[in-house]
Protein chains: 4
Amino acid sequence: MTALDDIIDLDPLALDRADPESVIAALAQACSNTGRWGESDVLGTLNHIDDDLRARAAWLVRRGRAFSLSLPFDMNGPQNGWRRRTNPVHTMLDTGTDAERGQGFPHGLGGADDVVAMPLQCSTQWDGLGHIFDHGMAYNGRRAGDVVTSAGDQVTGIETAAAHIAGRGVLLDLGRFLGEDTHGTGGELEDGFAITTAHLRECIEAQGSTSQVGPGDIVLVRTGRLARARREGWGQYAGGPAPGLSITTAGWLRRTDIAAIATDTWGFEVRPNEFDDSFQPLHQVVIPNMGLYVGEMWNLDDLAADCAEDGIFEFWLTAAPIPFTGAVGAPVNPLAVK
Amino acid sequence: MTALDDIIDLDPLALDRADPESVIAALAQACSNTGRWGESDVLGTLNHIDDDLRARAAWLVRRGRAFSLSLPFDMNGPQNGWRRRTNPVHTMLDTGTDAERGQGFPHGLGGADDVVAMPLQCSTQWDGLGHIFDHGMAYNGRRAGDVVTSAGDQVTGIETAAAHIAGRGVLLDLGRFLGEDTHGTGGELEDGFAITTAHLRECIEAQGSTSQVGPGDIVLVRTGRLARARREGWGQYAGGPAPGLSITTAGWLRRTDIAAIATDTWGFEVRPNEFDDSFQPLHQVVIPNMGLYVGEMWNLDDLAADCAEDGIFEFWLTAAPIPFTGAVGAPVNPLAVK
Amino acid sequence: MTALDDIIDLDPLALDRADPESVIAALAQACSNTGRWGESDVLGTLNHIDDDLRARAAWLVRRGRAFSLSLPFDMNGPQNGWRRRTNPVHTMLDTGTDAERGQGFPHGLGGADDVVAMPLQCSTQWDGLGHIFDHGMAYNGRRAGDVVTSAGDQVTGIETAAAHIAGRGVLLDLGRFLGEDTHGTGGELEDGFAITTAHLRECIEAQGSTSQVGPGDIVLVRTGRLARARREGWGQYAGGPAPGLSITTAGWLRRTDIAAIATDTWGFEVRPNEFDDSFQPLHQVVIPNMGLYVGEMWNLDDLAADCAEDGIFEFWLTAAPIPFTGAVGAPVNPLAVK
Amino acid sequence: MTALDDIIDLDPLALDRADPESVIAALAQACSNTGRWGESDVLGTLNHIDDDLRARAAWLVRRGRAFSLSLPFDMNGPQNGWRRRTNPVHTMLDTGTDAERGQGFPHGLGGADDVVAMPLQCSTQWDGLGHIFDHGMAYNGRRAGDVVTSAGDQVTGIETAAAHIAGRGVLLDLGRFLGEDTHGTGGELEDGFAITTAHLRECIEAQGSTSQVGPGDIVLVRTGRLARARREGWGQYAGGPAPGLSITTAGWLRRTDIAAIATDTWGFEVRPNEFDDSFQPLHQVVIPNMGLYVGEMWNLDDLAADCAEDGIFEFWLTAAPIPFTGAVGAPVNPLAVK
């Protein structure tokens, strides 16, 4: 019986009586991948994807239909300035209105160019392994200050993942499975709803054999929170209440040996968090300890509607982040192909 | 005999005696796709990719080996400030050194966040259809000023391509085919070398059956210019002399009905340009008139080495741009999977 | 009797029955300074400041007490994203936490550096003469598109004002004169309160001889709107309802031949604007037609309290904008010295 | 005999035989202002300016002639990307070319807006007290990591200086005094020329009584390096060889009790630095230990020409930085009025 066995079926109800630090520490230890791929490893759970897995995943392309899982990147996005996170500010260096009046190029050529300023965590993104620390430690037993300085992540920067994130994607549509579809959006979970391991298992069971989750998979969890934001406006989408994974799913995330997980919410885990005074404790367990790649603010609604229609919840997925050297997160336009 | 027949075998040597405006106008007219997909079309040559093509392209994944075709995005990039294009400036909002000293989060959580400011054309990218105009006109017969204002591209912004660019990629390794490999980089063409239709055809012939180019393909042309920049430093990589496509290839680009083309150079076409006083005339023909998606500064060297080794020059390619609303270009991390 | 005589005592009550276009056109014509300083002029009303005025204004320094009239520039500012205007995003390139851990400099040196991204109109600022156009025309009879392209203001960029804005400042504390001081802030005008010429004259009369306004003066109008934002939060400070100058003050602004005017509000003129469907019509009259320099979001409260105490409303004022080449507005830290 | 007496006449020739760490430490100790203005002080040498000094300095305005001492802020500036420092990237949110085509405003209104992204140390600037550390310590005995984190300078941010920097300016034109005017620029010192205390004293003597330097003065040292950059291009202006103050002037800078010093060079002190392996050792002495405000890249040439002509080297100077909260440096448009 391993530490992981002890926590894999952690009862969410027990959290009320628990000490946050102890729970976080126990989960962190049980789920740790520190040293698993050698002390120089920088990839974490992306190690679960190999060429064979990728080759088999390509067979999942049947119709050839592609879905972009990215939000638009613009000023109408979810950010509200909190933690100095703005929406992307896109400005032009040259325009068509200029071109009509002449820009000094020969033979009738005209051109437009543009510029953007943005937080790397402003919209559809991957959290890099340097994004979160646990008691001053980063992934794989490194000191946080040895990894991420003002010059960026010197070790596990997002560029290390540039060529890796392509393989089998699986959609777990919890919003549709557990939520009621009262708004024609396919079902939405309530804010504050904590998705447990039992929920995940039941959803897989209900969705059928194409939803089996195993090593190297990229798991996409749809809560319906984004659909609600589309109906009601962003409001507190960034940082406010949301459905999301319970901290008690840490064992499942570790035992399945998935390569990555992504949700349609700002913060992946349930908010408010399950301990009164905690902040993103599941992040604290899975990023620096497990080395799990976490995607946030993914647009899963169109893909989910298609999966609901044909009953096939697996697909080929590429989600290669823009490789900003030393970044602790990065924008991505994930493409699912069924 | 169509206008396209007239220009498909345009003799590069004839350019010396030609009037630039007339040549550009003739090519623009012969290669035009204006109206081809209806007057409201915004996709241009991406229309050539459909689900069937994509489904067949997925069969090209054999080993499952993935190649990122993106340069690193950082201050060590090729930009030198010309046309207000800088390299990406990546800064931190929070760091590990801060986390070690305490950031005020409970239970030992620490975090790092980051920000970037950059031109959208600074590194590995797609030119959007609003990037270039011809005599004040944008793609599909629209007035440049109706399309691209200071608010961005209101019609053909890069977000329109978000879900489309995935399919069959073909590498034409002109650097290896025509260049001498005197530096162990696989072969490099000289700066100013104009790749003609004949060169393209001969390269396809030499590379063999996996290099056939047809409708909907995404063609990657490796010149070796990037390999040279790696040996010698960026120097004039951005905007200076480079090998690249001759303006006389416009007919071939149109007749093959490819979906997109990308090179390992700053500007796709040969530089200096083939007319004394012109500036990127092939852009002027293919972007606003043909609606061709053009990729620049792609890192093709690792992929090319692999193709040279196994003799297979086709692969699955996803190259989904970050969908900045209204952008006339966008960063991309293209992923080729063989 | 000149056109200016006709409009100098324009009755604000008459606006209800008036056609906006006609009123704006009449004011624009009557107040025009087009050609007044030659057709190549780029300074507008700053021409009213000369060395003699400046030399005399220096005599106003008596105690040597200096007041910064700038808001803090940070993420807690008034901007809310409207018109892609964010608050300044300030990030670090190096920090003290890094320095403590060692940055690789010799002999114990450490350093910190920083970066900012911001709209030039985000906080305490000058509007440049290229900021507003009237029917496609910029200041001094130039076509808007000949002046301000994507490359910036080619003619009247804020850099032209770099050495000019220093001289006599006069505070007209309308908030204190007309408002009730129910919050201990010195008095605040209601949102939507239109300050008329009569109000200005009465305030000058009430404040006494140090408040006389004449050629070359830089007039600061305190409404109390900023004080209210400090009490209640920014809310709609940027772009929402506010007290401010009535469009009927255009004649007074012109006749007094002041060099510049600044207020403690987002937009200088009363909001909602006095015509139902208009947007900043007083800007339209005074910037492109009169060439008046307008300052916005100035922090006048401390200065105003001092003036109320000693009864002296004139002072030496320097307000030299950061000379961003081609900017249509610029941040400034105005310094009043009494 | 104090420690300051010991080092005030430090022989520059002795540096060759000296240990850098010892010299820096001795100067740091002798010149320290730690605790001088109380342990909560954040202003450093700006404490030397008081209202009386300011009131007397205003008498220096005689003709009323104003000189902007700022460089233009644009892409043609000195930065080359080193240490992620770019030149300011200024882009437009709206333009006149857009306005001509209609922007949707009523009654013929049009507008232009703009944005900038830039390092705060990119052009004419003040170094804040949090810019440099000595062995992990910031100004006034504080730990570097307690002062400057990724959130900025929490203690001595440039906003603390917002209302202070106005008073008597004195120009010491070393370029004219010691250099030969072979280029019609008024005289330029050679790169690598170290200005010593003796040079400063002789220059003051030669320039006459208006050049006396005392408590609270803002001293401007012209080397001619900027004039050379104007003749020859920026080249290595940023970070490369330059004339500048010798580290042996530390004692003079301390004993005179000046409020601030600024030069027309990138880095204020001589470069290459006077110890083989050191980096900006005079910064290390004067900023964290003395609390001295240092200005860099000031444009002193027009002012210097005027001073040379009328023989008056003192003037009223305002140099109020844009108060970016928590900034360790800030752009400024200094205004000298004679």
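The values are calculated or read from the model by the stated rules, or taken from the named source; none is laboratory data. Everything quoted here is computed from the prediction, not taken from an experiment. Neighbour counts run over all protein chains shown; Cβ positions are idealised from the backbone, glycine included. Only protein heavy atoms, including side chains, enter the accessible area calculation; ligands, DNA and RNA are left aside. Shrake-Rupley method; radii C 1.70, N 1.55, O 1.52, S 1.80 Å.
Under the criterion of Cα pairs below 8 Å and six or more residues apart, the relative contact order for segment B:1-110 equals 12 percent.
From other protein chains only, count the Cβ atoms within 10 Å of every residue's Cβ in B:310-317, then give the mean.
Per residue, the average neighbour count from other chains is 1.
In the assembly of identical copies, A:TRP82 has its label point, taken 7 Å from Cα in the direction of the beta carbon, separated from the corresponding points by 2.3, 4.2, 4.5 nm (ascending, one decimal). Under 5 Å from the amide H of D:ALA262 lie the amide H atoms of D:VAL219, D:LEU220, D:VAL221, D:GLY295, each residue being 5 or more positions distant or on a separate chain, with H modelled from the backbone and absent for Pro and chain starts.
Rounded to the nearest 20 debye, the dipole magnitude of the protein assembly as shown is 0 debye, with +1 charges on Lys and Arg beta carbons, -1 on Asp and Glu beta carbons, and the Cα centre as origin. For segment A:125-179 versus segment A:48-107, the spacing of their alpha-carbon centroids is 20 Å. Among DSSP beta bridges whose residues both lie in the protein assembly as shown, state the antiparallel percentage, nearest 5. Counting only bridges with both partners in the protein assembly as shown, antiparallel ones make up about 70 percent.
Computed over segment A:213-338, the alpha-carbon pair-distance distribution with 10 angstrom bins reads 12, 41, 38, 9, 0, each value a whole percent.
In this calculation the C-beta distance from B:GLU39 to B:ALA14 is compared with R0 = 25 Å, giving a FRET efficiency of 0.15.
Per-residue shielding of B:139-145, expressed as the average number of other chain Cβ atoms within 10 Å of the residue Cβ, stands at 4. Each copy carries B:GLN236; placing its label point 7 Å along the C-beta direction from Cα gives inter-copy distances of 2.4, 5.8, 6.0 nm, listed from smallest up. Annotation for the B:A interface, with buried accessible surface near 7200 Å², both sides summed [1.4 Å probe; non-protein components not counted].
A protection proxy built from the mean count of other Cβ atoms within 10 Å ranks the segments A:161-173, C:48-60, C:229-241, most packed first, as A:161-173, C:48-60, C:229-241.
Computed on the Cα atoms alone, the convex hull of chain D gives a volume of 169 cubic angstrom per residue.
Evaluating 6.51 cos²θ - 1.76 cosθ + 1.60 at θ = phi - 60° for every residue in segment A:261-274, the Karplus couplings come out as 9, 9, 10, 9, 10, 5, x, 6, 9, 4, 9, x, 5, 6 Hz, glycine and proline recorded as x.
Only Cα pairs under 8 Å and 6+ residues apart enter the sum, and on that basis the relative contact order of segment C:247-295 stands at 50 percent. Secondary structure note: in chain B, about 65% of the DSSP beta bridges are antiparallel.
Taking 30 Å as the straight-line reach from the Cα of B:LYS338, the lysines in range (excluding those fewer than 8 positions away in the same chain) are A:LYS338. Copy-to-copy label distances for D:ASP276, where each label lies 7 Å from Cα along Cα-to-Cβ, are 5.6, 6.4, 8.3 nm in order of increasing length.
Distance between the pseudo-spin-label points of B:SER22 and D:ASP310 (7 Å out from Cα toward the beta carbon): 6.6 nm. For chain C, the relative contact order works out to 30 percent when only alpha carbon pairs closer than 8 Å and six or more residues apart are counted. Averaged over residues, the count of other Cβ atoms within 10 Å places the peptides C:246-253, B:270-277 in the sequence C:246-253, B:270-277, highest first. For chain C, the longest principal axis of the alpha carbon atoms and the long axis of helix C:20-31 meet at an angle near 90°.
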